[in-house]
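All remarks here apply to the structure that follows.
Readers should treat all values here as calculations from the given coordinates under stated rules, not as data from a laboratory. Predicted model only: the values in this text are computed from it and were never measured. With ideal geometry, Cβ positions are generated from the backbone for all residues, glycine too; neighbour counts draw on all protein chains shown.
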Amino acid sequence: MPACSSIWRVLARGFRTTWTLGAAWSVSLNLLAASPPADAPPVPPSPGSAVPEEVNQALRERQEVLVSSNLLSSPILDASRFRVEKAEQLLTIARQQRLRQELNNAKTNLVSLLTGEAPSEIKRSAILELALLAQDEGELVRAQQIFSQFLSKFPEDASVPEVLMRQGLLFRQMGAPNSALSKFFAVMSKAINIQADQMEYYQHLVLQAKTEIADTYYAQGRHTDAADYFNRLLRSDEPGLNRPAIRAKLIHCLVETEKFNDVVTQATALLTEAPHFKKAAEVRYAFAQALRRIGRHQEALQQVFILLQSQESSAGEDPQAWDYWRLRTGNDLANQLYTDGDYLGALQIYQKLITLNPTPAWQVPVWYQIGLSFERLQQPQKALEAFEQVEKLGQSAQRTLATQNLATVIEMAGWRRQHLTWTGKATTATRELTASPAQIPPGVPAPTPK
């Protein structure tokens, strides 16, 4: 009997211990499942309670073993959500690989997403990533095919207008301007029909489509169509337009279509609103040419002098282009004035041009033109000095003057110098003869001045 009592006491103690552990387990389950009252302050996590990420992922790959009939829900994510997370992680890895130019690895991961059981949303992004990857590889035709596949699978997707825009840019890069134009027009029609919260984004796409249409016409040499679209853009009140850049392209179109009065109007507007525009020198060149073509020669000359007198600070970010257009503007207009018989106007520009560039390649032809201008203005001594300067430059920089053109100019300057010297001597002799009639032998008639 004492032995039985002892056994029952042991069993009772074991029962109480088991009940205590069960109660403790049930409390822990309630803490995990229950949410704190709304007015309770947030409880900071206890140190060391977070499960390492790699352990968490490893356990969730076999989460079916955690299913319990005693629980209505599980704090562990379900299997479908885990597959989504895993696909998202693979998509992120592939995107990073593409950005790091690890294109083969990125392609492998993207293809596995498209051929696997990834959700539709993930596949949608994977298709776009694959198209961008093909573009990075320079496979433009393949990129177009993948973009087309996206449009076929997701025709009502909010990304459709931007995909169309990218297709248009690709077609233009591939040398298919008409296909590019059709895509840009499609951007406008599709973006207008999409109902979305981000209207500013779609308005920007429509505006860009309009500018790309104009640029495509411009690149094709369809200057009349391009000018029409550039004019439409300038008449709009869109704040996002780069108006000086658009106006500069419009000026080029107007020059090509010989609408010189419009060139003057647009050039005046551009140089007024953006005097430090990076292509201001090129615009002023067109401005001067247009003024000359409509007979406003003095104003054309004024524009040339403004450009030639501009300081280095006007060069902006591209001093070489600025210097090129200064030299070209002055040289072209001076040559035109010389051809038209305005030797004094040409001489004024040539004398300014000689100070702009110290290289023999520039100085030699300009000094030669100065000599010709003085010769035409009946100032032989100054012409002679100019031709001598050409020969002097040729002698001092003989090794650097390797081009046949410069050698020819130097040779011509030497010939002109000899001709002027001989003409001067002949003129002097003639004057001496005509000035001394008493020295003529009797019976010899005096020469008649010509």
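The figures follow:
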read-out	value
Gyration tensor (alpha-carbon) shape descriptor, segment 258-357, a/c threshold 1.5	oblate
By average C-beta atoms within 10 angstrom, highest first, the peptides 240-246, 282-288	282-288, 240-246
Nitroxide proxy distance, nm - points 7 Å out along Cα→Cβ at A269 and I294	1.3 nm
Burial ranking of peptide ranges 324-331, 269-276 (average Cβ count within 10 Å, highest at the top)	324-331, 269-276
Lysines whose Cα lies under 28 Å from that of K183, excluding same-chain neighbours fewer than 8 positions away	K107, K123, K153, K210, K249
Separation in nanometres of the label points that stand 7 Å from Cα toward Cβ, at R376 and Q145	6.3 nm
Segment E256-L344, extension gain: residue separation times 0.36 nm, minus the distance between their alpha carbons	28.7 nm
Ordering of 387-394, 294-301, 114-121 by packing [mean C-beta count within 10 Å, highest first]	387-394, 294-301, 114-121
Estimated vicinal HN-Hα couplings, Hz - segment 261-273 in sequence order (Karplus 6.51, -1.76, 1.60; Gly, Pro = x)	5, 5, 4, 4, 4, 6, 5, 4, 5, 5, 5, 7, 7
Potential extension, S159-K86 segment - 0.36 nm per residue separation minus Cα distance	23.9 nm
Integer Hz, Karplus 6.51/-1.76/1.60 couplings in order for segment 98-112, x for Gly and Pro	5, 5, 8, 6, 8, 5, 5, 5, 4, 5, 4, 5, 5, 5, 5
Relative contact order %, segment 83-170, counting alpha carbon pairs below 8 Å whose residues are six or more apart	21 percent
